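Asker: The following block contains the structure, expressed as structure tokens.
The values are calculated or read from the model by the stated rules, or taken from the named source; none is laboratory data. Model, not experiment: these values are computed from the prediction. Note that each Cβ is placed from the backbone with ideal geometry, even for glycine, and that neighbours are counted across all protein chains shown. For the accessible areas, the whole protein counts, side chains as well, though only heavy atoms, and no ligand, DNA or RNA atoms are used. Shrake-Rupley method; radii C 1.70, N 1.55, O 1.52, S 1.80 Å.
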Amino acid sequence: MSSPSKRREMDLMKLMMSDYKVEMINDGMQEFYVEFHGPKDSPYQGGVWRIRVELPDAYPYKSPSIGFINKIYHPNVEEMSGSVCLDVINQTWSPMFDLVNVFEVFLPQLLLYPNPSDPLNGEAAALMMRDRNGYDQKIKGILPRAWMEKKMESDATSPSKSGE
């Protein structure tokens, strides 16, 4: 069995090779940002989010910490912190899962099939249950702002190109 650090390295490389834009934080392989696009056929289609990923020392035996950096309106995402409420990440994580699963399966499923009965954002959950069209319209109204916030944050954290 490979060591957790070797597995972390392999999973990160696999994520980068899957055409995800990955930006490392600091020098280690434990914290990074991933550019995530909203799934097709959802009100999130066309949206782009910056997701912060933190891998614990015990990864893959312990789940990664996942959070949206720019704004997203969703019943299972805490509006201020961007924390994600997703059972497969928070409670039922298995070393069989990897980072590609998070971005190709778990997060798209979260956006396609919100669970308003277990909300972190009560307002979004209530609107979704009361008025699905209103909920979808609110998401679509936030998408352009979310993309601009992501762009500004990305520009602010990108290293300067001067002096090259």
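Asker: Would you say ASN70 is open to solvent by 10 Å² or more (accessible area, probe 1.4 Å) and over 24 Å from MET17 (Cβ atoms)?
Answerer: no
Asker: Could you list, ordered by first residue, the pairs with Cβ atoms under 8 Å in which the first is in segment 88-103 and within 19 Å of TYR20 (Cα to Cα) and the second is loosely packed, with under 13 Cβ neighbours inside 10 Å and modelled with pLDDT of 90 or more, at least 6 apart or interchain?
Answerer: VAL100/SER18; PHE103/SER18
Asker: Being part of a loop (DSSP other than H, G, I, E, B), more than 19 Å from ILE89 (Cα to Cα), open to solvent by less than 70 Å² (accessible area, probe 1.4 Å) and modelled with pLDDT under 95, is that true of even one residue in segment 30-41?
Answerer: No, there is no match, as no residue in segment 30-41 is part of a loop (DSSP other than H, G, I, E, B), more than 19 Å from ILE89 (Cα to Cα), open to solvent by less than 70 Å² (accessible area, probe 1.4 Å) and modelled with pLDDT under 95.
Asker: Under the condition of being open to solvent by less than 50 Å² (accessible area, probe 1.4 Å) and of a type in the set (Val, Ile, Thr), which residue from segment 83-104 is farthest from GLY122 (Cα to Cα)?
Answerer: Of everything passing the filter in segment 83-104, VAL100 is farthest from GLY122 (Cα to Cα).
Asker: Right, next: May I ask you to list the residues in segment 105-118 that are open to solvent by less than 60 Å² (accessible area, probe 1.4 Å) and either aromatic (Phe, Trp, Tyr) or in a loop (DSSP other than H, G, I, E, B) (or both)?
Answerer: Those that are open to solvent by less than 60 Å² (accessible area, probe 1.4 Å) and either aromatic (Phe, Trp, Tyr) or in a loop (DSSP other than H, G, I, E, B) (or both): PHE106, PRO114, PRO116.
Asker: Which pairs have Cβ atoms under 8 Å, sit 6 or more apart or on different chains, and link a residue in segment 2-25 that is under 15 Å from TYR59 (Cβ atoms) to one that is loosely packed, with under 13 Cβ neighbours inside 10 Å and at pLDDT 90 or above?
Answerer: Note: pairs meeting the criteria are PRO4/ASP57; PRO4/ALA58; PRO4/TYR61.
Asker: Looking only at segment 34-70, which residues are hydroxyl-bearing (Ser, Thr, Tyr) and without any contact (Cβ under 8 Å) to a residue 60 or more places away in the chain?
Answerer: TYR59, TYR61, SER63, SER65 - these are the residues of segment 34-70 that are hydroxyl-bearing (Ser, Thr, Tyr) and without any contact (Cβ under 8 Å) to a residue 60 or more places away in the chain.
Asker: Collect the residues in segment 7-22 that are open to solvent by 50 Å² or more (accessible area, probe 1.4 Å) and either touching a Cys at 6+ places or on another chain (Cβ under 8 Å) or at pLDDT 90 or above (or both), keeping them in residue-number order.
Answerer: GLU9, MET10, MET13, LYS14, MET16, MET17, LYS21
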